[in-house]
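Beneath this line is the structure, given in structure tokens, with notes to follow.
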Amino acid sequence: MFAQRLSATRRGARLARRLAVHRLDLWGAPYGSPASDTVALVVAELAANAVLHGRVPGRDFELRLRYDRAASVVRVEVSDTHPRRPEPPGPASETPADADGGRGLLLVEAVATRWGVGARPGPGKTVWAECAVPTPHPSHKSCPVQAS
């Protein structure tokens, strides 16, 4: 498992994505692999939502990654302290073509195995998504890290 609190800023969201792909590389999913790119997209969207829609002044957001090697799944969790929960995305046709936003959870829904919203200790919520990550190839030179 990997967990990190980050500032609820665009810089914090960008750092969340970078930390996630680094952690995946350590776990055996190399940079630029389909699994790494999928998790990077999910983290980017969930972190951006935490910064744009879940921000409470003076409060951070948290990124948590859990790798279940046996199930070949990485669970991405992004927690913030805002009580409003995201709405499940409607069909892509409901988002105007020239809209600045409104597609993030559609992307998460498209690439993740499943996703949802849950409670967290204290105020706010945790938005999570699970992504399939193939078992690393034995030739990948990664650090010997224990995954939970």
Just for the stretch 10-44: of the residues that are assigned to a helix (DSSP H, G or I) and either aromatic (Phe, Trp, Tyr) or in contact with a Lys or Arg (Cβ under 6 Å, 6 or more places away or on another chain) (or both), which one is modelled with the lowest pLDDT? TRP27
In the stretch 129-148, which residues are at pLDDT 90 or above, touching a helix residue (DSSP H, G or I) at 6+ places or on another chain (Cβ under 8 Å) and either under 16 Å from MET1 (Cβ atoms) or not small (Gly, Ala, Ser) (or both)? ALA129, CYS131, VAL133
For ALA47, indicate whether it is buried (at least 19 other Cβ atoms within 10 Å of the Cβ) and closer than 16 Å to ALA112 by Cβ. yes
As an exercise: evaluate VAL76 against (1) modelled with pLDDT of 95 or more; (2) among the hydrophobic types (A, V, I, L, M, F, W, C); (3) part of a loop (DSSP other than H, G, I, E, B) and give the number of the one condition it does not meet. (3)
Within the stretch 8-17, identify whether any single residue is of a type in the set (Val, Ile, Thr), surrounded by fewer than 15 Cβ atoms within 10 Å (Cβ to Cβ) and over 12 Å from the mean Cα position of the chain (by Cα), and answer yes or no. yes
All but one of (1) modelled with pLDDT of 90 or more; (2) of a type in the set (A, V, I, L, M); (3) open to solvent by 70 Å² or more (accessible area, probe 1.4 Å) hold for VAL117, so report the exception by its number. (3)
Just to be sure before I move on: is ARG59 modelled with pLDDT under 95, within 19 Å of THR135 (Cβ to Cβ) and of a type outside the set (A, V, I, L, M, F, W, C) in the structure I sent? no
Answer with yes or no whether ALA112 is in contact with a helix residue (DSSP H, G or I) (Cβ under 7 Å, 6 or more places away or on another chain), under 18 Å from ALA3 (Cβ atoms) and modelled with pLDDT of 95 or more. no
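The values are calculated or read from the model by the stated rules, or taken from the named source; none is laboratory data. On a predicted model such as this, the values are computed, not experimentally measured, just so you know. Heads up, the Cβs are rebuilt from the backbone with ideal geometry, glycines too, and the neighbour counts pull from every protein chain shown. Remember, those area values only see protein heavy atoms, side chains included, never the ligands or the DNA or RNA. Shrake-Rupley method; radii C 1.70, N 1.55, O 1.52, S 1.80 Å.
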